[in-house]
1. Only Cα pairs under 8 Å and at least 6 apart count here; give the relative contact order of the chain as a rounded whole percent.
2. Report the semi-axes of the equivalent ellipsoid for the range 1-119 in whole Å, largest first, where each axis is √(5λ) for an eigenvalue λ of the Cα gyration tensor.
3. State the percentage of accessible surface on the range 86-211 attributable to carbon and sulfur atoms; use a 1.4 Å probe and exclude ligands, DNA and RNA.
4. Which of the helices in the chain meet the span-like rule: DSSP H, Cα axial reach of 27 Å or more, Kyte-Doolittle mean at least -0.5?
5. Springs between alpha-carbon atoms under 10 Å, Gaussian network over the chain: tell me which of SER136, SER21, SER30 tops the mean-square fluctuations.
6. Of the listed pairs LYS92/LYS145; LYS29/LYS71; LYS22/LYS133; LYS43/LYS106; LYS47/LYS182, which have alpha-carbon separations greater than 20 Å here?
7. The chain: D in µm²/s via Stokes-Einstein (Kirkwood Rh, Cα pairs, 25 °C, 0.890 mPa s)?
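The values are calculated or read from the model by the stated rules, or taken from the named source; none is laboratory data. Keep in mind that what you see is a predicted model, and the values were worked out from it rather than measured. The area values use the complete protein model at the heavy-atom level, side chains included, leaving out ligands, DNA and RNA. Shrake-Rupley method; radii C 1.70, N 1.55, O 1.52, S 1.80 Å.
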Amino acid sequence: SSIFKKIKVVLKKILIIGSSSKMAKDFIKSNHDLHKLILVGRKSKYKLEDFLKSNSKIKNDYNAILFFIGKFIKNYENLNSSIQTINFEFLKKCIYKNFTNYKKNKRPIKFIVITSLDSIFPNTNSLEYSVSKAASSHMILNFQKFHKETKINYFDIQPGAVKTTMLRKKTGNAMNTTEITKTIDYILRLDDQTSLFPIRLFPKKNSYSKY
């Protein structure tokens, strides 16, 4: 026998929604040869509406969904932009669509969402961003409860400052996107019967205050 032992990798089919984001690109770069990745995004073959439509051409046999869609606008206390639609409504539509798909082909599905620590702590640069992320995190918790008897498992990753295009001006310490990838990799390796409370990651030297 060969002195080299071939490592057996259990491939997963993963739907990546918001594939043009910097965090998504880091995950794709690290995992393109480990899993089958279906990219959904503005610059990808499939757009969000292609996933949501009733006659979607995306095959209903994926094992996980990674939701990276997010938008930040520095609009302080204003509540009249598209942030709520993009950060909350799109997620809601994807959750409903995934549940419809699940009922047609019942199998374990991990639905992993990247929200933000701003769902807990105030962000005075954008009240609407904070509110939309809080709504998203609470929705994820509720669907985890609603779908407890199904094979769908929801995970909420709530990072603090991350070095992405949204954080153009670094005002403090920020994590590398690789930290998000490593967290997702950990979740994907978990048993299908294991759940987690919201996962909060932040730069060690940063402080967060509610007041």
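1. Contact order relative to length: 19 percent.
2. 30, 19, 12
3. The computed percentage sits at 54.
4. Details: long enough: 127-146 (28 Å, 0.07).
Helices meeting the criterion: 127-146.
5. In this elastic network of the chain, the residue with the biggest mean-square fluctuation among SER136, SER21, SER30 is SER30.
6. Violating the 20 Å Cα-Cα cut-off are LYS29/LYS71; LYS43/LYS106; LYS47/LYS182.
7. This corresponds to a translational diffusion coefficient of 136 µm²/s.
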